[in-house]
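A.B. asks: Below: one structure in structure tokens.
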């Protein structure tokens, strides 16, 4: 059929154009980082501190985002789009605030868990011998460098859906370009200034900082788009409570894992140390979060 007129195809093509440019901006950043990581591999081929470690660390780091935040967005985006189309901006703001608070209950402690136990996680997953244990350490450090970046990464991902609810794919492209530019600048500084053994760890940290910068600009532009703040202060209070609960809990988890270090090296001692650290972190986090009255805990299926 060729009776395309009036079907909305032109509007879809216009939206797709900006989405493709969004992908292109991310690919440019990825290409630069890949070249720098490969350069580290060429300089120290046996260190395991280059591209493969960076990719594995990023894949592990994104797992909570993929399970929690993407699931929330999948459920909420149609509802948010309907609210935007009908001019119900307060409902749209409420949905965004709710999604940020519910996802934060999992994302914030997960970010601190990676910061506290990154080396143990990488050793358990990738080290199965003495030589492998040495090569898994840089991956663990990268996981720690990515760690706290999970919070702005997840929040920025959610806020972009506010623009998509308004059928605005142009602004997300400029956000992607801004984040890519910051990431490239910081990654270049790490490549030039840090020794090869630490340059890619620094690049992982640069990724974290680029999304923090992206979150700040995204929140500002979305506030202008909606004509008011996303939240009246409840969102900020929730995240302060989550940070106050997750930070000390991660410290306790780190101490528990360190206490098990005397068991030696190998798969089982590492598994015990990681299990002890993760359990201590989870229990302390849940206890402090309940004491701080983080009501969003009750919305998680396993906390009901």
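A.B. asks: Can you tell me which of 280, 246 is without any contact (Cβ under 8 Å) to a residue 60 or more places away in the chain and buried (at least 19 other Cβ atoms within 10 Å of the Cβ)?
C.D. replies: Answer to the selection: 280.
A.B. asks: With the structure loaded, tell me whether residue 65 is out of contact with any strand residue (DSSP E or B) (no Cβ under 7 Å at 6 or more places or on another chain), surrounded by 16 or more Cβ atoms within 10 Å (Cβ to Cβ) and either assigned to a helix (DSSP H, G or I) or without any contact (Cβ under 8 Å) to a residue 12 or more places away in the chain (or both) or whether it fails that test.
C.D. replies: Yes: the conditions hold for residue 65.
A.B. asks: If only one of 47, 25, 15, 40 is under 30 Å from residue 203 (Cα atoms), in contact (Cβ under 8 Å) with a residue 60 or more places away in the chain, over 20 Å from the mean Cα position of the chain (by Cα) and surrounded by fewer than 22 Cβ atoms within 10 Å (Cβ to Cβ), which one is it?
C.D. replies: 47
A.B. asks: Please enumerate the residues belonging to region 3-41 that are farther than 20 Å from residue 184 by Cβ and either at pLDDT 75 or above or not in a loop (DSSP other than H, G, I, E, B) (or both).
C.D. replies: Of everything in region 3-41, those that are farther than 20 Å from residue 184 by Cβ and either at pLDDT 75 or above or not in a loop (DSSP other than H, G, I, E, B) (or both) turn out to be 9, 10, 11, 12, 13, 14, 15, 16, 17, 18, 19.
A.B. asks: Could you count how many residues in region 123-141 are part of a helix (DSSP H, G or I) and at pLDDT below 90?
C.D. replies: Residues flagged as part of a helix (DSSP H, G or I) and at pLDDT below 90 within region 123-141 amount to 13.
A.B. asks: Filter region 182-201 for residues that are in contact (Cβ under 8 Å) with a residue 60 or more places away in the chain and over 17 Å from the mean Cα position of the chain (by Cα) and give the result.
C.D. replies: Across region 182-201, the qualifying residues are 184, 187, 188, 190, 191, 196, 197, 198, 199, 200.
A.B. asks: Any idea which of (1) surrounded by fewer than 17 Cβ atoms within 10 Å (Cβ to Cβ); (2) touching a residue at least 24 places away in the same chain (Cβ under 8 Å); (3) under 25 Å from residue 143 (Cβ atoms) is the one residue 81 doesn't satisfy?
C.D. replies: The number of the failed condition is (3).
A.B. asks: Go through (1) surrounded by 17 or more Cβ atoms within 10 Å (Cβ to Cβ); (2) part of a helix (DSSP H, G or I); (3) more than 14 Å from the chain's Cα centre (by Cα) one by one and return the number of the condition residue 144 breaks.
C.D. replies: (3)
A.B. asks: Residues 13, 28: which one is touching a helix residue (DSSP H, G or I) at 6+ places or on another chain (Cβ under 8 Å) and within 18 Å of residue 173 (Cα to Cα)?
C.D. replies: Unique residue meeting the criteria: 28.
The values are calculated or read from the model by the stated rules, or taken from the named source; none is laboratory data. The model shown is predicted, which means the values in this text are computed figures rather than measured ones. Glycine also receives a Cβ, built like all others from the backbone with ideal geometry; neighbour counts cover every protein chain displayed.
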